[in-house]
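Presented below is the structure to which this report refers.
The values are calculated or read from the model by the stated rules, or taken from the named source; none is laboratory data. Not measured: the values here are computed from a predicted model. Heads up, the Cβs are rebuilt from the backbone with ideal geometry, glycines too, and the neighbour counts pull from every protein chain shown.
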Ligand SMILES: C[N+](C)(C)CCCC[C@H](N)C(=O)O
Ligand SMILES: O=C(O)CCC(=O)C(=O)O
Ligand SMILES: [Fe+2]
């Protein structure tokens, strides 16, 4: 059930050989310089530097190498910002000499400038390495996997005071896309405090903190007692909200359980079972819309993007945008593509609807849930009686930044 993407710093030999084969005709072997230290060999080829460590070559473009020089005149290590003007690098630049000294690659450029790079830094940032690495490690889950993981929820007191508890919470959140804090006082204020402990609140048309019942105060089905099928929120934003927080402050009635489904687990199943359908879900941009016209609120939001988004260099999923209520007119693809799109969408929907993928939880007063709205879909069962839910959205960048500051990979 682990994500298909793993951290691995080096390319396979075959992959590396393919890369070399592609560049071979452009190499000028006569002018090649060779330098080596211990097991590392580096060669100045015609248009790139090749570093081999135990037979696994990595290629570095010369302009890239000059651009990533970390010398004091090129890079401000106090602010972690580039000082060098990339626009002034000769596009035909090529080092005059290279050497491996200890764990460093040393290049001397025409004009005498010297650049030093640690070999581990180069290995970490080589394309060959990034291609095989996960940007974010995740545990993909169905209901059994999640339940068997027996993750303990954070507790309000320790969560608010202890950084280790916050770090553990963030690690769970990153791996599973959901995380809980228990024993939170049942007020909007305490809910705000618990979210502020994690990050910044993203204000939207629904407010900063929102608190709602089934009173149809807004022109959206969420403000009713009806069931809601699994979906991601704010799919009609150009950048959908990163994190959704819910706290059920009270419920006197029946039903109203929350449904959670790992969208990436379903999408990976689709990728395995039907690669062309997966491709189509990644490639075709669709429109989502939120049109509200009530006495107190006028809104018209439009968000355009594919159902599934993957990073182009490693094909890792980073966002699912799935909301059948808010999906708008499809009018940007020819009719045979429309037919194939519906087939692909049906296949994804079937994965998302498998009962074994459904995690049902009853949100009770005191239990706050954080949901990765780019990954985990939520829904709810129809309910009766008074049910008051409060919560907010969080800015994704700031949550991930908080996690990275704890040394977590996000
Ligand atoms: C969460 N809160 C009740 C404030 C808003 C609900 C937004 C509902 C909308 N259909 C969407 O999916 O984005
Ligand atoms: O009422 C609920 O449990 C959730 C409703 C919903 O999907 C939302 O507010 O985004
Ligand atoms: Fe929702």
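If I go through segment 237-260 residue by residue, how many of them are more than 13 Å from ligand 1 (Cβ to nearest atom) and over 29 Å from residue 300 (Cβ atoms)?
Residues flagged as more than 13 Å from ligand 1 (Cβ to nearest atom) and over 29 Å from residue 300 (Cβ atoms) within segment 237-260 amount to 10.
Hey, among the residues in segment 105-115 that are surrounded by fewer than 15 Cβ atoms within 10 Å (Cβ to Cβ) and touching a strand residue (DSSP E or B) at 6+ places or on another chain (Cβ under 7 Å), which one's farthest from residue 70 (Cα to Cα)?
108
Restricting attention to strands (runs of 3 or more DSSP E) lying wholly within segment 1-116, give those where 1 or more residues are within 30 Å of residue 318 (Cβ to Cβ) and modelled with pLDDT of 95 or more.
48-53, 57-61
Look at residue 247 and say whether it is out of contact with any helix residue (DSSP H, G or I) (no Cβ under 8 Å at 6 or more places or on another chain), touching a residue at least 60 places away in the same chain (Cβ under 8 Å) and within 15 Å of ligand 3 (Cβ to nearest atom).
No; evaluated as a whole, the condition is false for this residue.
Taking helices (runs of 4 or more DSSP H) that do not extend beyond segment 122-224, which have at least 3 residues that are at pLDDT 95 or above?
143-148, 156-161, 163-176, 188-198
Considering only residues of segment 370-387 that are more than 10 Å from ligand 2 (Cβ to nearest atom) and assigned to a strand (DSSP E or B), which is surrounded by the fewest Cβ atoms within 10 Å (Cβ to Cβ)?
Once the filter is applied, the top-ranked residue is 386.
Condition test on residue 229, is it touching a residue at least 12 places away in the same chain (Cβ under 8 Å), surrounded by fewer than 22 Cβ atoms within 10 Å (Cβ to Cβ), within 14 Å of ligand 1 (Cβ to nearest atom) and outside any loop (DSSP other than H, G, I, E, B)?
yes
Tally the residues that are over 21 Å from the mean Cα position of the chain (by Cα) and either under 27 Å from residue 304 (Cβ atoms) or within 16 Å of ligand 3 (Cβ to nearest atom) (or both), restricting the search to segment 210-242.
19
What tally of residues in segment 388-410 results from selecting those that are under 18 Å from residue 202 (Cα atoms) and part of a loop (DSSP other than H, G, I, E, B)?
1
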